[in-house]
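One structure is given below, encoded as structure tokens.
The values are calculated or read from the model by the stated rules, or taken from the named source; none is laboratory data. As the structure is a prediction and not an experimental result, all values here were calculated from the model. Heads up, the Cβs are rebuilt from the backbone with ideal geometry, glycines too, and the neighbour counts pull from every protein chain shown.
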């Protein structure tokens, strides 16, 4: 097993947290991982992204240019990464913020209204967890229980007040993945 993933959105959407959670959950399951966050001007509203590799064998390098999977949380991310995903790859799209259609017919496209669901839950900041829950359900790359178990380790103590709503958002993402339509 070898999986290259990009999580992408604008600064403040929890893109780095998504990547960290995938990487840490995979490590908890004794998988080999790399996690490469992209910081810089992106934190001021541009397209931030987090690259993750999960494998059952040691990973020689964290660099890649053609991910198998991509989670896009905003339109600029969709535009930036739509054409770099490998053939037969997966793209999870936050349909609350991205209405664009792809011209690619070689991808599995899953549209999840992550931001809308986060608003319904009472906090727009958990849209990333809705998307991550959907990604977990569709790929089963890591167990949902592993993600939930490491939330407390990944979130700083002052964010622990948000643990319950993040868990709820993950579960809502799983439900949405079960209902998805391409």
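Among the residues of region 6-33, those identified as over 19 Å from residue 169 (Cβ atoms), at pLDDT 95 or above and not in a helix (DSSP H, G or I) are 6, 29, 30, 31, 32, 33.
Within region 12-36, the set of residues being surrounded by fewer than 17 Cβ atoms within 10 Å (Cβ to Cβ) and either closer than 21 Å to residue 127 by Cα or free of Cβ contacts under 8 Å to residues at least 60 places away in the same chain (or both) comprises 12, 27, 30, 32, 36.
Going by the structure shown, is residue 134 surrounded by 13 or more Cβ atoms within 10 Å (Cβ to Cβ) and either touching a residue at least 60 places away in the same chain (Cβ under 8 Å) or within 26 Å of residue 24 (Cα to Cα) (or both)? Walk me through it before giving the result.
Working: surrounded by 13 or more Cβ atoms within 10 Å (Cβ to Cβ): yes; either touching a residue at least 60 places away in the same chain (Cβ under 8 Å) or within 26 Å of residue 24 (Cα to Cα) (or both): yes.
Yes, satisfied.
The conditions of being in a strand (DSSP E or B), over 14 Å from residue 141 (Cβ atoms) and modelled with pLDDT of 95 or more are not met by residue 36. The number of residues in region 117-147 that are in contact with a helix residue (DSSP H, G or I) (Cβ under 8 Å, 6 or more places away or on another chain), under 23 Å from residue 6 (Cβ atoms) and not in a loop (DSSP other than H, G, I, E, B) comes to 20.
Going through (1) out of contact with any strand residue (DSSP E or B) (no Cβ under 9 Å at 6 or more places or on another chain); (2) under 17 Å from residue 135 (Cα atoms) one by one, residue 51 falls short only on (1). Checked against (1) crowded, with 18+ Cβ neighbours inside 10 Å; (2) more than 19 Å from residue 9 (Cβ to Cβ); (3) in contact with a strand residue (DSSP E or B) (Cβ under 6 Å, 6 or more places away or on another chain), residue 142 meets all criteria but (3). I'm told residue 159 meets every condition in (1) within 23 Å of residue 26 (Cβ to Cβ); (2) modelled with pLDDT under 95; (3) in a loop (DSSP other than H, G, I, E, B) except one. Can you identify the failing condition by its number? Of the numbered conditions (1) within 23 Å of residue 26 (Cβ to Cβ); (2) modelled with pLDDT under 95; (3) in a loop (DSSP other than H, G, I, E, B), the odd one out for residue 159 is (3).
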